[in-house]
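The values are calculated or read from the model by the stated rules, or taken from the named source; none is laboratory data. This is a predicted model, so every value here is computed, not measured. Neighbour counts run over all protein chains shown; Cβ positions are idealised from the backbone, glycine included. Heads up: the accessible areas ignore ligands, DNA and RNA and are worked out on the full protein's heavy atoms, side chains in. Shrake-Rupley method; radii C 1.70, N 1.55, O 1.52, S 1.80 Å.
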Amino acid sequence: MAHPEFDRNRLSIKGLSERKNQLSIMKKKVPLDFRAENLKDQDKELIRRTAVKIADARKEKRSVIIAFGAHAIKNGLGPVLIELIRKGWVTHLATNGAGIIHDWEFAFQGESGEDVRENVKNGQFGIWEETGLFINLAIAVGAFERMGYGESVGKMISREGLTIPQKEFLTEEAIKNIKADPEYAAAAIDLYDVIKRRRIKPGFMSIPHPFKEYSVQSAAFELNIPFTGHPMIGHDIIYNHPINHGAAIGRTALRDFLYYAHSVSSIGGGVYISLGSAVMSPMVFEKSLSMAQNIAIKNGSRIENHFIVVVDLAKNEWDWNRDGEPPADNPAYYMRYCKTFSRMGGEMQYMSADNRDFLCGLYQSLSAAESL
């Protein structure tokens, strides 16, 4: 017997123009010459070492991956991340569903960050037309176009719109490919369902993004650098919107996971930076590394000599390299990111710092090395 479901079609959805935002990209954007004032000497040395490791990894064509939580975007680090991929120092960017949303909202309206407490009280948190409609629609279109989650949103931002197929074309594609390519056929049906429910007209849907120069997703799409989104169902405000389509989310997110795992396959001798991501980054890394290691061993080699840097605000008094994993009765044991990454082979270093201090310091250290 089926359980009752919540009907999102009954929601009162407001436009973003009615929402008060706490963050402005024009005020939050971090300049490339931003310099931290509170870094310890040991932190500066770790940043320098990381820059050297990155330079060596790129010479050997090894992966350099930065996985980050949404605060990297909310703190205005988009311009720094863009330069890191533009200069070829970083080969892959990964974030969670919230990182995707904040990057898009900054590109679309130059603002993000609603008042959660106030809007939950008023029954309005996350129930916004443009964010829910455009991101979900981009993902449904992207799933049909065989794209990933972050790639789909990045393309929409870069091209300032979406190409909506005719419903008849989607029907024909579904019927024609049902045996040869059932996943593609299913994605065609999913997109048909979305545009029919919303009565969306075919052709190019113009969606201006006046602040797209600050979008990391857009820059990554244009530079053909993987920017992968790793969402969890129900975690993000786009699930509040009735156009949200679980199958399209699943198709694009799974594709991003496999893009990510492919990059992890080349992490031996490379660099992995986990920036303010307590759950997403360690969880997707450990599964990806296990799969990649499985294939490497099958081919007579191993993934090793990777350098992992974990950056977060939490203070840490445990020496993971000297003392190994702490016992379960020690609070450090529950620093999930350190516990996971300390099990991943290679070398792991932890740095307690603001993500702006670390990332800008890294950019400047790489720039200084390049100029020598």
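Annotations for the structure displayed:
- Sequence ranges 173-181, 80-88, ranked by mean other-Cβ count within 10 angstrom, highest first: 80-88, 173-181
- Taking Cα atoms only, the orientation of helix 97-109 departs from the longest principal axis of the chain by about 70 degrees.
- Net length gained if the chain between S290 and R302 were fully extended (0.36 nm per residue, minus Cα distance): 3.2 nm
- Protection-proxy order for peptides 353-364, 156-167, each taking the mean of Cβ atoms within 10 Å per residue, highest first: 353-364, 156-167
- Every pair of different Cα atoms in segment 177-267 enters the Kirkwood calculation, which places the hydrodynamic radius at 15.8 Å.
- Rolling a 1.4 Å probe over the protein heavy atoms of the chain, with every protein chain left in place, gives an accessible area that is 51 percent carbon and sulfur.
- Per residue, the accessible area of the chain comes to 49 Å², computed with a 1.4 Å probe over protein heavy atoms only.
- Computed over segment 1-123, Kirkwood Rh from alpha-carbon pairs, angstrom: 17.7
- Pairs spanning more than 25 Å between alpha-carbon atoms, out of K287/K339; K20/K74; K29/K201: K29/K201.
- Residues L23, L258, L223, ordered by accessible area of protein heavy atoms at a 1.4 angstrom probe radius and largest first, appear as L258, L223, L23.
- Take every Cα pair under 8 Å whose residues are at least 6 apart in sequence, average their separation, divide by the length of the chain, and the relative contact order is 23 percent.
- Dipole-positive endmost among H235, P282, Q109 within the chain (Cβ charges, Cα centre): Q109
- Note: relative contact order over segment 152-283, using C-alpha pairs below 8 Å and six or more positions apart, is 27 percent.
- Across the alpha-carbon atoms of segment 1-65, the computed radius of gyration and Dmax are 23.6, 63 angstrom.
- Candidate residues I189, I100: accessible-area rank, largest first, probe 1.4 Å: I189, I100
- Relative contact order computed over segment 1-158 (Cα-Cα under 8 Å; 6+ residues apart), in percent: 30
- For the pair K20 and A278, a Förster radius of 22 Å applied to the C-beta separation gives a FRET efficiency near 0.20, rounded to the nearest 0.05.
- Annotation: peptides 237-249, 299-311, 136-148, ranked by per-residue average of other Cβ atoms within 10 Å with the highest first, follow the order 136-148, 237-249, 299-311.
- The base-10 log of I(q)/I(0) for the chain, evaluated at q = 0.08, 0.14 Å⁻¹, reads -0.43, -1.22 [Debye formula, identical scatterers on Cα atoms, solvent excluded].
- Linear extension gain, R197 paired with R146, 0.36 nm per residue minus alpha-carbon span: 16.2 nm
- Taken about its Cα centre, the chain carries a charge dipole of about 480 debye when Lys and Arg each add +1 at the Cβ and Asp and Glu each add -1 at the Cβ.
- Estimated FRET transfer efficiency when R0 is 45 angstrom, pair E317-M205 (beta carbons, to 0.05): 0.25
- Rg and Dmax of segment 161-201, Cα atoms only, in Å: 10.2, 32
- Extension gain, A55 to K179, is 39.9 nm, computed as 0.36 nm per intervening residue step minus the present C-alpha separation.
- Shape category assigned to segment 309-368 from the gyration tensor of Cα positions, a/c cut at 1.5: prolate
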